[in-house]
Amino acid sequence: MRIADDLGVEFEEVNYMQAPPNAETLRAIIAKLEDPPTALVRRDSKFRKLGLVDADVATEDQIVDILVKHKQLLQRPLVVTEDTAIIGRPKDSGRALLS
């Protein structure tokens, strides 16, 4: 993550496609998340192709279930610290958390 490098912050990068988060990890991220949990789900062409609508990802259980089944829908980048998790968009939000 370039912002972490620029700030000299040590980090562990996790490729969500090679090592997708399991339900327990997703719940831990949601517990720390500053944004609404539904923000973790990308509303892109894959979301629409699956026939999903906002009502399908309205609860924490639904969000976790969808993201475990369809890891490509995980919003990224995610910046997770010991106490906080944010979606790294816009880029300045990641910079603010890591500063």
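The values are calculated or read from the model by the stated rules, or taken from the named source; none is laboratory data. Not measured: the values here are computed from a predicted model. Glycine also receives a Cβ, built like all others from the backbone with ideal geometry; neighbour counts cover every protein chain displayed. Just so you know, the surface numbers come from the protein's heavy atoms only, side chains and all, with ligands and any DNA or RNA stripped out. Shrake-Rupley method; radii C 1.70, N 1.55, O 1.52, S 1.80 Å.
For the stretch 30-85, state the average projected area of the convex hull of the C-alpha atoms over all orientations, rounded to one decimal in nm².
Working: hull surface 14.8 nm².
The Cα convex hull of the stretch 30-85, projected and averaged over all directions, gives 3.7 nm².
What's the ranking of 57-68, 20-31 by average number of surrounding C-beta atoms within 10 Å, highest first?
Working: 57-68: 17.3, 20-31: 15.1.
Per-residue Cβ counts within 10 Å, averaged per peptide and sorted highest first, yield 57-68, 20-31.
Could you compute how much accessible surface L33 exposes when probed at 1.4 Å, giving the result in Å² to the nearest 10?
20 Å²
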